[in-house]
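All remarks here apply to the structure that follows.
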Amino acid sequence: MKFDDLHKLNKPAASVLKMYSDRTYFERKYSALDGVKDFAIIECETKGDTFRIKHRSQQRSDIPMPDFAKKILGEYNAVVQQDTWNLKTGVGRLEIELKGVPLKISADMKVSGAPNASNAFVWNVSCSIPLLGGKLEKFIVEDIRTKSAADAILSNKMLADY
């Protein structure tokens, strides 16, 4: 299931990319987001114009979970996420793995604009569970949209430091 999302940000693209390529931003953001615990950075590197960070955490859904989803997902899910950015072009990719759940979640991203930037996301969520896969995808999409809105608000507050 594909869908688009947009974060409107209150600083230019250069400032946003500086924030998105700062390890401290991720540490501060995930410690402040509701429903996230046990956050840890696994890998973090900058090579030339490429920044990559991989982290893990336990995350709970921000929306009420239907009964079928409760059987597949726990209250908290082990999440491994990797963000990769080309800092010169403002193009990024986000890949999310929920441990033990047959879901593939990714987003292609593009940061652009001045004096205020935006981050345009093209999300792709797919689930390989027969019969219930499509329903689980819809639930995950709704949860991503909810989390994304909270992320945009927090990121805009944090941009003041960049």
*asked:* Two decimals, Cα atoms only, Kirkwood Rh: what is Rg/Rh over the stretch 104-162?
replied: 1.11
_Can you give me the accessible area per residue for the chain, using a 1.4 Å probe, in Å²?_
52
*Counting each DSSP H run of 4 or more residues in the chain as -39500 (n - 2.57), what helix-only mean residue ellipticity at 222 nm follows after dividing by all residues, to the nearest 500 deg cm²/dmol?*
-9500 deg cm²/dmol
*Please report Rg over Rh for the stretch 23-109, where both radii come from the alpha carbon positions and Rh follows the Kirkwood definition.*
1.01
*Tell me, in nm to one decimal, what length is gained between E43 and D67 on full extension, where the rule is 0.36 nm per residue of separation less the Cα-Cα distance?*
5.1 nm
*Cα pair distances of the chain binned at 10 Å [whole percent]*: 10, 40, 36, 13, 2
*How far is helix 23-32 tilted, in degrees, relative to the longest principal axis of the Cα atoms in the chain, given as a value from 0 to 90 rounded to the nearest 10?*
50
*Just grab the label-to-label distance for A14 and R28, each label 7 Å out from Cα along the Cβ direction, in nm (one decimal).*
2.0
_Spelling out what I want: for every residue of the stretch 115-122, take phi, set θ = phi - 60°, compute 6.51 cos²θ - 1.76 cosθ + 1.60 (Karplus), and round to whole Hz; glycine and proline get x._
x, 10, 8, 9, 10, 8, 10, 10
*Roughly to the nearest percent, how much of the accessible area of the chain is carbon and sulfur, given a 1.4 Å probe?*
52
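The values are calculated or read from the model by the stated rules, or taken from the named source; none is laboratory data. Computed from a predicted model, the values in this text were never measured in an experiment. With ideal geometry, Cβ positions are generated from the backbone for all residues, glycine too; neighbour counts draw on all protein chains shown. Note: areas computed on protein heavy atoms with side chains; ligands, DNA, RNA excluded. Shrake-Rupley method; radii C 1.70, N 1.55, O 1.52, S 1.80 Å.
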